[in-house]
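Enquirer: Let me give you the structure first, and then I'll get to my questions.
What follows is calculated from the coordinates using simple rules that are stated; it is not laboratory data. Everything numeric in this text was worked out from a predicted model, so none of it was measured. Note that each Cβ is placed from the backbone with ideal geometry, even for glycine, and that neighbours are counted across all protein chains shown.
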Amino acid sequence: MKRHSQRLRDILRRGLAIAVTVPMMVSFAPVAFAEDGAGTGNGSATPSASSGLNLLASYDFSDGTATDTSGNGYNLTMNGGAKVEAFGDRNNNQALSLRGNGQYASFPDELFAKAGNSFTMEFAAKSRHADDGNYFSFSVGGSQQKYLFWYLSTKSTKFVISDNKWNNEQGFKTSLSNNDNIWHNYKLIVDGETLTMLRDGELVGYKANTGITMADLGSTAATIGKSLYSGDAYWSGAIDDIKIYQGADVTLPSSVTIVGDGVLDGALTMVENSATKLTATVSPENAISTDVTWESSKTSVATVGSDGTVTAVGEGTTTITATTKAGGVSASVDVTVKPLDPATVVQFDLDSAISAVNEATTENLPLISTGSKYGSTITWTSSNENVITGTDTNYQAPSVGSADPYKGAGIVTRPAYGDGDAAPVELTATAANADGSVTKTAKVSVIVKEKTREVPDEAYAAVTFLSDSDKTNGKTGEALYMSATEGNNFFSFKEINNSNPVIESYADTKGLRDPYVLKSHDGDKYYMIATDLKVSAQGWGQNQQYGSLKVEVWESKDMVNWTRTNAADGDTGIKINVDNAGMTWAPEAYWDDSLGAYVVFFSSRMYTDDTRSTAVTSTNTGYAYNVLLYCITRDFKTFTEPVMWQDTNYSRIDSTVIKVGDYYYRFTKNEESGAAGSYITNGKSTFLERSKVLTATTEEASPDTDPETGWQLLDQRILPFEGPEAIKLNAGDKYQNEAGDAMVIMADSGGYQPYMTSESALLSCDWNNRLSQTDGWHTQKDQNAGVSGYVYANGMPTPTRHGAFVNVPAAIAENMHRWTTANPTTPDATDSTTKLERGRDTLTATVTAKDGGNVAGSVVFTAGDWTETVKLNADGVATVTAPEGALGKVSKITAAYGGYTDNLVNVSDDAIEQTPDPDPTPDPTPDPDPTPAPTTKPGTTTTKKTAKKAAVVVNTGANVKGIALVAAILAIGGALAVLRRWKAAR
């Protein structure tokens, strides 16, 4: 067998391989859209300068000096006692330290002469200087008449250029939070007459058309820490990792799109006294800033807040415009405000329902049965119920657990992998008001995508976070870090991305904690959901009372290249909690077969009203306490209103769920310092419950609860402390047990503490047979197959704080290990092997993938001039019957597998080489009295003489060639004789 052979390439070039064409479909939400005719600037706004810039100088101070490490010789000169020293809050990195009192550093004049009118300067810095404004942190210029300067204080920053002292300073000053003696990464960009500044990748200020260039300053003298005004103070701060590039690193916005609940075709209809939020998405993604300002053309009709919230004031029409802070690109939505009449109410709910439906899907659809704003009744019908179901008009809610918010609608049946996408299905939504007097309809066409390729899991991935400081040993805190195992061994995690975070938040609270990751129900993608929380900025108390009501959600096909599920809303989280909740912590999700949807659950604290000033207190303890709520989603973009899930009047947080057999098992932390009822007596530890109904509510923790209808308490202190997680081990893992049902459960107690157990152990666990009471459960021991209880944490991911684990194919883990932020990669396609087998007139090709997954596509069979393309079946087999005799005429038969449209499996081929069958020998002219051939009677033995005669008949070697040659000569001779007789007759 040969792979990627020249023969296969020749076949494909000749067009004998099948080309499967799938119509390209675009999924979009209706938006308002605007293009900027001016285009974009060069370069890209990334944490490190792009390859198009020319590095002039670099100073990392790592050797204790201010040497230019670029090799260009632009060494800094230290003045007035300025020195390089190590900083403990920067992982003991050495940096330039300036403490006022005449200390400063100067650049060679030639450096900024070389930089010219466009340069980019990157560095890390912190300031100890009060916000009095009378100092320079960095400057270029020869006098107080003409200069460029930047200063950084504990509360603000300023970046300006002037050709007439302070009288004509062109630029900006901006207040900064979290800046008092704290390191941040900065970028200063001068591009002709434009000044730009970023902190930690976010735009701080942008000023175009200053009317002044660097050439106008008349001097290229440059310093750090010294003002050009003689009476000013010297700067007190520190600076590190300075890089100066020739060229400007700016990408301006080119377009803006506006989306929002109810926006259709660039227009929005509202009713008086209602409110809705619009979101502006700026393109390209790497624009220098994606921030916008909002404006209403007629505030008597509707107003708009800085976050895009539109409030309908009075009847009429207005235009809401979003304009980028950098570049001035804008887009608008026409807003019509109507009186609160039934027709308007129904139309709004209908528009909202339609706008939530994707035009192509791999998931069940969120075909809601109740209007999101005004509660209109919505019924769906489908042009093909076999592909997408409509509303079940006879739906009855269950007696226990959540009602289906979609009432049977939106369940999709996906074509098998290799069958291609389903034909478009037309969905019709009919919305009606309460008494049915007003109805409106709308339609949307949806394509259901074929199922994805299935590959066995042979590795693991993990996502964790680093807390609680903004920086820990130089690493970003409250950001998401990822690890992957080295092969099929759960205890072999290694950090990826050079130990840097994979996702940092620049939105909402700007912090990420308690991440959870799960594979989608059909395995197409991974979803990740995280707490929107930055403790280092607000502290624990404020974050439980005035914490975020959002979650941050992403999706990815490979665990490293992530996009927000609500990307159309911009870089922002999704509000899923109620207004009188104090926080939305530790969100997790699990699939519920009965709902055909994901149940998302999270911890919170409730308050008596939306001001969140007075907490709801426990009837048992008299104190505020934590509860858990859930909501339902099918796409991780649209969520139902939250419902109370666990409220026992005792504080509990951090639930995680895993299903074993018919039961859901739930691990939850008792957040009380002591007992939480009659049975849970251990505080600050994890207990275990089970139920057959995922969404059943819990008001009491008891082993007497019927698990058929509620959550039954099975064990307490099964794990220490908080953030419990559970994962089933892969088949083939070195720690898998003989039964093949091994599990690892764990909790975060100063880092993850793993316990080994099994599905069968969970199934047999109850209050009278508790895992926590088995011998050695809490005694730490070596990791081993079949071990039960606490094991050493060798090979667990770092950082080790509260996160999640997921089973992944080997290719996913392999790609994670090579992926970096600077060089993002995707998983390689797996190799395939094609095996060709021949019957008399049949050919069978079997295609197998190296990773053990299924294979789709077609095989091209070729034998001489005959060729045929055959689709693989579900087992990767293609069979064909060739025309009679076609296979025997050729010396080579081939089967070429050409891959599939998803490019997940590489092409391969196979060939059979053979000796062709001979051409048939013409029958001789029979004698007048033919002598009968001797025969052998049945049951007699063939003689040697008879065998020799028989051998002549079956000989396919040289004798046959000789016979064929003689026959040909005789035939030619006969033809010539006939020709001669014909001529003679004429």
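Enquirer: Karplus couplings for the range 625-635 from phi (6.51 cos²θ - 1.76 cosθ + 1.60, θ = phi - 60°), rounded to Hz, Gly and Pro as x?
Expert: 8, 9, 10, 10, 10, 9, 9, 10, 8, 10, 9
Enquirer: What share of the DSSP beta bridges in the chain is antiparallel, in percent to the nearest 5? Walk me through the intermediate numbers first.
Expert: Values: 229 of 241 bridges.
Restricted to the chain, the bridges split so that about 95 percent are antiparallel.
Enquirer: In whole angstrom, how far apart do the alpha carbon centroids of the range 439-459 and the range 125-147 sit?
Expert: Here the answer is 57 Å between Cα centres.
Enquirer: Cα centroid distance between the range 277-320 and the range 149-223, in Å?
Expert: 29
Enquirer: Using the structure shown, select from Lys325/Lys471; Lys114/Lys146; Lys557/Lys669; Lys519/Lys850; Lys165/Lys207 the pairs with a Cα to Cα distance greater than 27 angstrom.
Expert: Numbers: Lys325/Lys471 29 Å; Lys114/Lys146 19 Å; Lys557/Lys669 31 Å; Lys519/Lys850 22 Å; Lys165/Lys207 18 Å.
Checking Cα-Cα distances, Lys325/Lys471; Lys557/Lys669 exceed 27 Å.
Enquirer: Cα centroid distance between the range 829-869 and the range 352-373, in Å?
Expert: Going from one Cα centre to the other spans 41 Å.
Enquirer: Check which residues have an amide H placed less than 5 Å from Asp232's amide H, if you skip close sequence neighbours.
Expert: Residues meeting the amide H criterion: none.
Enquirer: Could you state the angle between the C-alpha long axis of helix 958-985 and the longest principal axis of the C-alpha atoms of the chain, as a value from 0 to 90 degrees rounded to the nearest 10?
Expert: Taking the Cα atoms of the chain, the angle to 958-985 is about 70 degrees.
Enquirer: Can I ask one more? Taking amide H atoms as placed 1.01 Å from N in the peptide plane, list the residues 5 or more away in sequence, or in a different chain, whose amide H sits under 5 Å from that of Ala409.
Expert: Placed amide hydrogens put Asp392 under 5 Å from Ala409.
Enquirer: I'd like the Karplus ³J(HN,Hα) series for the range 55-68: coefficients 6.51, -1.76, 1.60, θ = phi - 60°, whole numbers in Hz, and an x wherever there's a Gly or Pro.
Expert: Here the 3J(HN,Hα) series is 5, 9, 8, 8, 9, 10, 6, 5, 9, x, 10, 9, 6, 6 Hz.
Enquirer: Aspartates and glutamates within cross-link reach of Lys187: Cα-Cα under 16 Å, excluding same-chain residues under 8 positions apart?
Expert: Asp60, Glu122, Asp200, Glu202, Asp240, Asp241, Asp249
Enquirer: What's the exposure ranking of Arg652, Arg612, Arg513, going from fewest to most Cβ atoms within 10 Å? Could you put the intermediate results ahead of the total?
Expert: On the way: Arg652 23, Arg612 20, Arg513 29.
Least to most surrounded, the residues fall as Arg612, Arg652, Arg513.
Enquirer: Collect residues whose amide H, placed 1.01 Å from N in the peptide plane, falls under 5 Å from the amide H of Val204; neighbours closer than 5 in sequence don't count.
Expert: Distant-sequence amide H within range of Val204: Met197, Leu198, Arg199.
Enquirer: Show which lysines lie in cross-link reach of Lys575 when reach means a straight Cα distance below 22 angstrom and same-chain residues fewer than eight apart are skipped.
Expert: Straight-line reach from Lys575, under 22 Å: Lys277, Lys373, Lys510, Lys534, Lys550, Lys637.
Enquirer: If N is the number of residues in the range 271-353, what value comes out of its Cα radius of gyration divided by 2.2 N^0.38 Å?
Expert: Details: Rg = 14.1 Å, N = 83, 2.2 N^0.38 = 11.8 Å.
Cα Rg divided by the expected 2.2 N^0.38 Å: 1.20.
Enquirer: Assign one of three labels to the range 427-500, namely rounded, prolate or oblate, based on the Cα gyration tensor with a ≥ b ≥ c the square roots of its eigenvalues; rounded applies when a/c is under 1.5, prolate when it is not and a/b is larger than b/c, and oblate otherwise. Don't skip to the answer; put the middle values down first.
Expert: Working: a/c = 4.70, a/b = 1.99, b/c = 2.37.
The shape class here is oblate.
Enquirer: Over the range 54-246, with a single point scatterer placed on each C-alpha, what log10 of the ratio I(q)/I(0) does the Debye formula yield at q = 0.08, 0.09, 0.14, 0.15 1/Å?
Expert: Log10 I(q)/I(0), no solvent term: -0.22, -0.28, -0.72, -0.84.
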